[in-house]
Every structure is written in structure tokens, then in C-alpha cells.
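Chemist: Attaching a single structure in C-alpha cells format; questions to follow.
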Amino acid sequence: MTVPVSGDPRPLSRRALLCVLATPLALAACVTNAPQAPAVPAPTIAPADAARYGAVEDGGFSIPGVDPTEMKPQNVRQLVRDPTGQAPGTLVVDPKHRFLYLVRENGMALRYGVGVGREGLEFSGTANVGYKRSWPSWRPTDAMIARQPDKYRPWRNGMAGGAENPLGARALYLFKDGKDTLYRIHGTNEPWSIGEAVSSGCIRMMNQDIIDLYGRVPDAAKVVVLPG
């Protein structure tokens, strides 16, 4: 086969022909292909567990679903052997390992992943659930305002309950000897913080979990908060 070239009637040599045919391939190798969409990470938790953390409509508010790719299996609500030795019905908070246990019968406990307070901001000891609230209002403590005035002073008169409220969908208020400890077990609109030490002292749970816990725990329930 010969490939005529304008102005040169001689046929190309076999080597020259290969170069001509190879040129488009060589050029194509220098062109950057259009970027492909990154692969979506596979969920790290079972589909049935992911479904329990889907979007919820509750009390006139919308609770977004938790991204299953951002959840760690150990933070999923699950029934486990009770490691606490407490009586059934007791809530046990383990800040060190970032878990909350609701002790059940027959040596079992319902375990939830939680976020905890930063070092130096924790409460520890025994308390009781003084009362519970659905979609609670919130006011930062005076200590929080003094510690971070730019962040908390705008809310010194309080924030109404709702999807943006840092206490989330539910709150349990802990009292000791009849006095408010200012320590709460509550929901959060920041599910990525579960398993971390980021709060101003309280225990936070995914909204789907605090709703579940709220329905299981009565007023006056015993709460044991272990040292962090």
C-alpha cells in the first residue's frame, strides 16, 4: 500500500508509513481524558442498619438521614453483652470509649455511639433524669459564654427548639441531689461528631438514636457517668 504525499509522488517507505499511522495514537496519549466522577465509597454498615438512620419527619421538623459511608459500625445502635454490672433500666455513659448503655434484662444492654465533652468539661458520677424534653430550647451556660463569648453570647437569651438547635430532637436533663448538673444527654445535628470529644461537656447522640432512647427511659431513671 502506498500513501501519496502532495508534491512528492514517491511511495512512503514501510517505516515512514508506520510513523504516519502511529501519529494519531501518539497524540491521543497526550490528551487528558475528561475526569470521571469519583466512585462512591461503599457503606461501612449493613443496609438494615443504614435504614434505621434514614430521614425522619418528627414534630413538624425534618431530620436528615445519616450518610452511611460516614458511620462507623461500632456507633450503630446494637444489643450487646452488658459490660457495666448495673441494674436493668440504668443508663451508663462511658466517655472514654464513647458509648452509652441502656442496661436490659438477662445480662444484655442496648449500646449507642455518642460524642462526649472535651477534656476538663466532663461530668462524672451518679445522677437521675430530672425531666425530658422533645425538641428542647437551649441556652448556653454562663461558663460557655465566658469561655467563648463570640460564639455563645448571641444566644444568651436562648434558642427555640428546632432543626438548627444544638440539642437536637430530644434531651434528657440530669439532676444530682435535686440540683441541675447542667449536664444533658441530647441529640445533635452534627452526626459526624459521634465518637469524638468535641462538645461543651454534654453527651450527644444521633437524632435517630436519642429519639429511640427517649422512648425507653422514664423520668427519674438512674444515670451513671464513668470518669473520662
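Chemist: Could you name every one of the strands (runs of 3 or more DSSP E) located completely within region 151-228 that has at least 3 residues being touching a residue at least 24 places away in the same chain (Cβ under 8 Å), in contact with a strand residue (DSSP E or B) (Cβ under 9 Å, 6 or more places away or on another chain) and under 16 Å from Ser137 (Cα atoms)?
Modeler: 170-176, 179-188
Chemist: State whether the residues of region 191-212 include one that is open to solvent by less than 40 Å² (accessible area, probe 1.4 Å), farther than 29 Å from Ile45 by Cβ and hydrophobic (A, V, I, L, M, F, W, C).
Modeler: Scanning region 191-212, I find no residue that is open to solvent by less than 40 Å² (accessible area, probe 1.4 Å), farther than 29 Å from Ile45 by Cβ and hydrophobic (A, V, I, L, M, F, W, C), so the answer is no.
Chemist: Tell me which residues, restricted to region 90-100, are open to solvent by less than 40 Å² (accessible area, probe 1.4 Å) and not aromatic (Phe, Trp, Tyr). Give the steps one after another, and end with the answer.
Modeler: The initial filter retains those residues of region 90-100 that are open to solvent by less than 40 Å² (accessible area, probe 1.4 Å), namely 90-95, 99-100.
Scanning region 90-100 gives Thr90, Leu91, Val92, Val93, Asp94, Pro95, Leu100.
Chemist: For the condition exposed (fewer than 10 other Cβ atoms within 10 Å of the Cβ), modelled with pLDDT under 50 and not in a helix (DSSP H, G or I), what is the one hit in Arg15, Arg10?
Modeler: Arg10
Chemist: Return the only residue of Val5, Val20, Val76, Val103 being surrounded by 10 or more Cβ atoms within 10 Å (Cβ to Cβ), among the β-branched types (Val, Ile, Thr), out of contact with any Lys or Arg (no Cβ under 9 Å at 6 or more places or on another chain) and modelled with pLDDT of 95 or more. Break it down stepwise before answering.
Modeler: Working: Val5 fails: modelled with pLDDT of 95 or more; Val20 fails: modelled with pLDDT of 95 or more; Val76 fails: out of contact with any Lys or Arg (no Cβ under 9 Å at 6 or more places or on another chain).
Only one candidate qualifies: Val103.
Chemist: Would you say Tyr152 is open to solvent by less than 40 Å² (accessible area, probe 1.4 Å) and under 20 Å from Ser193 (Cα atoms)?
Modeler: Values: open to solvent by less than 40 Å² (accessible area, probe 1.4 Å): yes; under 20 Å from Ser193 (Cα atoms): yes.
For Tyr152, the condition - open to solvent by less than 40 Å² (accessible area, probe 1.4 Å) and under 20 Å from Ser193 (Cα atoms) - is met.
Chemist: Check Ala87, Ala109 and return the single one that is at negative phi and not in a loop (DSSP other than H, G, I, E, B).
Modeler: Testing whether each residue is at negative phi and not in a loop (DSSP other than H, G, I, E, B) leaves just Ala109.
Chemist: Just for region 213-228: of the residues that are modelled with pLDDT of 90 or more and of a type outside the set (A, V, I, L, M, F, W, C), which one is most open to solvent (accessible area, probe 1.4 Å)?
Modeler: Per the stated criteria, the residue is Arg216.
Chemist: Now, a different point. Could you check region 171-228 and list, in sequence order, the residues that are under 23 Å from Asp58 (Cα atoms) and among the small types (Gly, Ala, Ser)?
Modeler: Across region 171-228, the qualifying residues are Ala171, Gly187, Ser193, Gly215.
The values are calculated or read from the model by the stated rules, or taken from the named source; none is laboratory data. Everything quoted here is computed from the prediction, not taken from an experiment. Positions of Cβ are backbone-derived with ideal geometry, glycine not excepted, and every protein chain shown enters the neighbour counts. Areas reflect the complete protein model, heavy atoms only, side chains present, ligands, DNA and RNA absent. Shrake-Rupley method; radii C 1.70, N 1.55, O 1.52, S 1.80 Å.
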